[in-house]
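J.: Quick one: this structure, given as structure tokens, is what I'll be asking you about.
The numbers here are math on the coordinates, done by the rules we state, and not lab data. For clarity, every value in this text was computed on a predicted model and none was experimentally measured. Please note: Cβ atoms are built from the backbone with ideal geometry, for glycine as well, and neighbour counts cover all protein chains shown.
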Amino acid sequence: MIHFSQISKEEFLAEYWQKKPLLIKQAIPNFISPLSPDELAGLSCEEDFESRVVKGSTKKNNWSLENGPFNDDYFESLPKNEWSLLIQGVDKHILEVYKMIEEFDFIPRWRFDDVMISFAAKGGSVGPHYDHYDVFLLQGLGRRQWQISSLNCHPNNYIKHSELRIMESFQIEDTLVTEPGDILYIPPGIAHHGTSLDKECITLSFGYRSYSANEMMETLDLKPDKQNNDYYNDPKWLTEMGKSEIPNESVAQALKLLNVDHLPTDFFGCFVTRLDLFDQQKFDEMMAFEEPIEIEKSTSYLLSPICRVAYQMIDSELHVFINGESFDTQFFDNELLINFCNSRMIEINDQNFKVPHVGWNTFKGHKNHTIFKSLINQTANAIKSI
């Protein structure tokens, strides 16, 4: 877990999470970016990665956006300064980046979205903006100056006729500098503007999902309320929760957001574990072209980083959710499934391989076999012997 230095994890959750920014100096001491600038450029040339380049500065107000994949000639044509390369979902492909999410497991894993990594030349930025989601900004290489503001964070304050969501009026309230190993936490609705101070600057953004009231209503086949522009807010997190547990307090927050008294039993769990369009496409390709591997004893299998899982106790009954679907738990031991959700790993041994009401081997032919096929799969970052 990251080092909070002057405060405790409990203080952070109570006083800062979704409330106010926090600079955490040397949150990961001696941190070195897992990817170099050249490696990031290489990833942006691949179709498997969502990438984009932002050029411009607040001084010139000359912003432009280009989407990848790119090539070597493109990078050679870029100016010396004032541009940024951003690559989305790096954790879905690079195991070392994926494992870094564990540093933030004091927030339930089902809330997590992805890791975006950005490279910026000197003066490079994406402009002042605010988001509807929480983000931890980990500095990996070079220094970045951050300007922060809580003022004028509303949709009418964007530069018009621009592909980028850049604020027209940005009144700076605080200025900070991050160095490798530092983390800046930014809650939803707080404007921030990060600018590279060096010729090579890498920042890793650990972003969390946001859920709008209208998005939930559309999923429920309800008519969106144009007057309701609110977003889901987390309850006070309990430190004794499982990493992938959905507390009933979270569902209560959804009820409050939608101003309703009741939701379908499995709605919230299915909603928060849905894949986004890009990941759904990759998941469908994986399902279509990969054959499931033979399940072997004395082996552990790591869940594919693409997959999203969560569990919830509803009226003393365990409900498990995988990639937006409710998982039939009747053939499995509760402890086995909870351990799977929290560890994102399946450990096969003599006991759980053979016992009918516990064993993974009984799953073949089960109606959720298509889901299971994605869990134990050659594309999962499996697979080491215990």
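J.: Give, to the nearest whole percent, the P(r) tail of the range 1-67 beyond 16 angstrom, counting all Cα pairs.
T.: Numbers: 1524 of 2211 pairs.
Summing the P(r) of the range 1-67 above 16 Å gives 69 percent of all pairs.
J.: Suppose a student asked you for the relative contact order of the range 9-208, using Cα pairs under 8 Å spaced at least 6 residues apart; what percent would you report? Don't jump to the answer; show the numbers that get you there.
T.: On the way: 457 pairs, mean separation 59.3, N = 200.
Across the range 9-208, relative contact order equals 30 percent.
J.: Give me the distance in nm between label points sitting 7 Å out from Cα along the Cα-to-Cβ direction at SER77 and VAL260, one decimal.
T.: According to this spin-label approximation, the distance is 4.9 nm.
J.: State which entries of LYS19/LYS122; LYS59/LYS122; LYS160/LYS223; LYS19/LYS160 exceed 24 angstrom in Cα-Cα distance in the structure shown.
T.: Values: LYS19/LYS122 31 Å; LYS59/LYS122 14 Å; LYS160/LYS223 28 Å; LYS19/LYS160 29 Å.
From LYS19/LYS122; LYS59/LYS122; LYS160/LYS223; LYS19/LYS160, over 24 Å: LYS19/LYS122; LYS160/LYS223; LYS19/LYS160.
J.: Work out, step by step, the length gained on full extension between HIS161 and GLN280: first 0.36 nm times the residue separation, then minus their alpha carbon distance; give nm to one decimal.
T.: Between HIS161 and GLN280, full extension yields an extra 39.8 nm.
J.: Still on this structure, please answer the following. Report the net charge of residues surrounding THR239, where surrounding means a beta-carbon distance below 13 angstrom and charges are Lys +1, Arg +1, Asp -1, Glu -1.
T.: Values: positive: LYS9, LYS236, LYS243; negative: GLU10, GLU11, ASP105, GLU240, GLU245.
Combined, the nearby Lys, Arg, Asp and Glu give -2.
J.: Right, something else. Sequence gap at least 6, Cα distance under 8 Å: using those rules, report the relative contact order of the range 35-102 to the nearest whole percent.
T.: Across the range 35-102, relative contact order equals 32 percent.
J.: May I ask for log10 I(q)/I(0) of the chain at q = 0.13 Å⁻¹, from a Debye sum over the Cα atoms as equal point scatterers with solvent left out?
T.: Cα-only, vacuum Debye calculation for the chain: -1.19.
J.: Here's something else I'd like to know. For HIS3 and ASP315, FRET efficiency with R0 = 45 Å and r from the beta-carbon atoms, rounded to 0.05?
T.: Details: r = 40 Å, r/R0 = 0.88.
Once the sixth-power term is evaluated, E becomes 0.70.
J.: Okay, next question. Over all distinct Cα pairs, what is the inverse of the mean 1/r for the range 73-123, reported as the Kirkwood hydrodynamic radius in Å?
T.: Result for the range 73-123 stands at 13.0 Å.
J.: When only C-alpha pairs under 8 Å and at least 6 residues apart count, what is the relative contact order of the chain, in percent? List each step's numbers first, then the result.
T.: Working: 770 pairs, mean separation 59.9, N = 386.
So the answer I get is 16 percent.
J.: On to the next question. Under 18 Å from the Cα of LYS25, which aspartates and glutamates turn up, not counting those fewer than eight places away in the same chain?
T.: Cross-link targets: GLU10, GLU11, GLU15, GLU103, ASP174, GLU179, ASP182.
J.: Turning to a different aspect of this structure: Figure the gain on full extension for ASP105 and ASN248 (residue separation times 0.36 nm, minus the Cα-Cα span) and round it to one decimal in nm. Don't skip to the answer; put the middle values down first.
T.: Numbers: separation 143, 0.36 × 143 = 51.48 nm, distance 1.88 nm.
Going from the current span to full extension adds 49.6 nm.
J.: Using Cβ contacts closer than 10 Å as the measure, can you line up THR195, THR329 from fewest to most? Provide the component values of the computation, followed by the final result.
T.: Details: THR195 22, THR329 16.
With the sparsest Cβ surroundings first, the list reads THR329, THR195.
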